[in-house]
DNA sequence: GTCAACAATAATTTCGAGATTTTTTATATA
DNA sequence: TATATAAAAAATCTCGAAATTATTGTTGAC
């Protein structure tokens, strides 16, 4: 855990402010990732709170967030000099953070030639979606069959929290995107949380994070009106009713529809080099 | 690529000998991983040739090999001082190699508390096998449906090479284990190589490497007689005949049987702490 | 004008020392 | 004896410089 002594000794450039909450033992580091970033005059996202136990973890989270939100573009070369200026970490620290991201397939690396943000493509999106559907439906099936009262409790809670932020999202500005992603993740994870297979969860986690990347691209420039809340509610109802076939069918359609929407956005907005 | 200047400048302790083959551009580094290892008087494995483009890659390969073959035991703490003495790499290099292994789930890490070899268990083996079957059969199905002449060629070649080493394995000593694993991998990969999904291949790769670890444990102390060659041949024949259902059934049984054998070995040989 | 060899520049990779944190040991107190 | 606190030891984590490699630019020969 980071203590104040640690933070005062080396305050990296990326730090916006530091807070100590009395409720727990964590130090919250608010990162202003836009401060040193070469972003255009777009609206600045609010600082993302990160409870980091080490600088490598902080660097990992910071770079991951930039990749997911597009601050670091697909295919972009990740030079250490640039990353050092932008985030304020040392070379070895950055290197280890990038290696973690390679393991998550968000970054590619070639020996002696450095790192790049993993590219995106329509083909990859289609393959990813198809594979995720394959994994997620199996996990959902097992989860519904194994779900107990605690599972139902998690599901009800997650659905409620998601519904609240969905309501805000449709009316207000796009400030809530990080929060929406968090709760969306929470809901989808709750659905399959009673699946007993550790490995199925592990694989699903990899694919889900990948698809989050595409989802955020299509979220910022939404072109197709869509009632996501109704889709989530249908999944929620079918799961609680323990109707395996219906739940899988609805979830499958939900994933497919996401592909359709994202496909349109990518197809319209992607440039050859991007 | 490593040049000789690089090697002569810093010859790590793990180097046994260095060769330059004229046929290609690689420098072959023969690592004597037992030299500095605290192994007992067990029979020394022959040096494993590794074509490394960087020291991180060499360290990654070396440690991975030790974990797969049991030279580093499941659950064992991986202290940097020990690794430095044993392999001869610097701290940052080792750190990055371990981070790669964490991405492959062969090593676990806890912030500020270091790295450990990932544990093994009967539960994990059962879950792993079940998940691998799920993924591999789907990939096999798609592969057979999409396979062209080139795929058949790869399959015939891989099966032939595997058969040769299988014959040697049953008669001779256990010197061929690395080679058997390589060709076994080659054969199983050839079977599904016509599956067009990149992500299915990616996920399968993760699971296959994990199961290799358990397989090697059961190989060194084989207790159940088994005609592996016949099983491989049945898979080979069904795949070439484009009989999807039969191939999947046979492959499924093959995976299940492997679980049964490994389960017996683990159950008999595993100690509480190991 | 094209290509190869060479020099200059820029990037990645590696190492070891110092800073920080965790773990162990010692000491005091109830 | 058990518990809490403090000092000592051992481990991890981080940084920046040095070594190595890749890339770019230049020159000269054909």
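The values are calculated or read from the model by the stated rules, or taken from the named source; none is laboratory data. Not measured: the values here are computed from a predicted model. No Cβ is skipped: glycine too gets one built from the backbone with ideal geometry, and neighbour counts run over all protein chains shown.
Quick notes on this one:
Residue-wise test of (1) more than 14 Å from chain A (Cβ to nearest Cβ); (2) at pLDDT below 95; (3) on the phi > 0 side of the Ramachandran plot.
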residue: B:138; (1), (2), (3): no, no, no
residue: B:143; (1), (2), (3): yes, no, no
residue: B:164; (1), (2), (3): yes, yes, no
residue: B:167; (1), (2), (3): yes, yes, no
residue: B:170; (1), (2), (3): yes, yes, no
residue: B:176; (1), (2), (3): yes, yes, no
residue: B:190; (1), (2), (3): yes, no, no
residue: B:193; (1), (2), (3): yes, no, no
residue: B:196; (1), (2), (3): no, no, no
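- Identity of the residue in the stretch A:89-109, in contact with a strand residue (DSSP E or B) (Cβ under 8 Å, 6 or more places away or on another chain) and over 13 Å from residue B:97 (Cα atoms), that ends up surrounded by the most Cβ atoms within 10 Å (Cβ to Cβ): A:101
- Residue list for the stretch A:51-71, filter: more than 16 Å from DNA strand C (Cβ to nearest atom), within 14 Å of another protein chain (Cβ to nearest Cβ) and surrounded by fewer than 22 Cβ atoms within 10 Å (Cβ to Cβ): A:61, A:64
- Just one of (1) more than 10 Å from chain B (Cβ to nearest Cβ); (2) within 21 Å of the chain's Cα centre (by Cα); (3) more than 14 Å from DNA strand C (Cβ to nearest atom); (4) surrounded by fewer than 21 Cβ atoms within 10 Å (Cβ to Cβ) fails for residue A:152. It is (2).
- Selection status of residue A:101, more than 12 Å from DNA strand D (Cβ to nearest atom), within 11 Å of chain B (Cβ to nearest Cβ), within 21 Å of residue B:111 (Cβ to Cβ) and in contact (Cβ under 8 Å) with a residue 12 or more places away in the chain: yes
- Selection of first residues in the stretch A:74-96 that are more than 30 Å from residue A:122 (Cα to Cα) and more than 14 Å from every other protein chain (Cβ to nearest Cβ) and of second residues that are assigned to a strand (DSSP E or B) and modelled with pLDDT under 95, restricted to Cβ pairs under 9 Å at least 6 apart or on distinct chains, gives the following pairs, ordered by first then second residue: A:87/A:31; A:88/A:15.
- Condition met for residue A:35 (over 23 Å from residue A:180 (Cβ atoms), more than 12 Å from DNA strand C (Cβ to nearest atom) and modelled with pLDDT under 90): yes
- Exactly one residue out of A:85, A:133 is in a helix (DSSP H, G or I) and within 25 Å of residue B:105 (Cα to Cα), and it is A:133.
- Of the residues making up the stretch B:122-144, none is more than 18 Å from residue B:255 (Cβ to Cβ) and out of contact with any helix residue (DSSP H, G or I) (no Cβ under 7 Å at 6 or more places or on another chain).
- Inside the stretch B:72-94, residues that are within 13 Å of residue B:62 (Cβ to Cβ), within 14 Å of DNA strand C (Cβ to nearest atom) and in contact with a helix residue (DSSP H, G or I) (Cβ under 6 Å, 6 or more places away or on another chain) make up a count of 5.
- Selection count where residues are facing chain A (nearest Cβ under 9 Å) and either more than 27 Å from residue B:263 (Cβ to Cβ) or in a strand (DSSP E or B) (or both), scope the stretch B:111-123: 2
- Checked against the criteria, residue A:118 does not count as within 13 Å of DNA strand C (Cβ to nearest atom) and modelled with pLDDT of 95 or more.
- Scanning the stretch B:124-136 for residues that are surrounded by 21 or more Cβ atoms within 10 Å (Cβ to Cβ) and either more than 7 Å from chain A (Cβ to nearest Cβ) or within 16 Å of DNA strand C (Cβ to nearest atom) (or both) gives B:125, B:129, B:132, B:135, B:136.
- Some residue of the stretch B:64-73 being more than 8 Å from DNA strand D (Cβ to nearest atom), in a helix (DSSP H, G or I) and touching a strand residue (DSSP E or B) at 6+ places or on another chain (Cβ under 7 Å): yes
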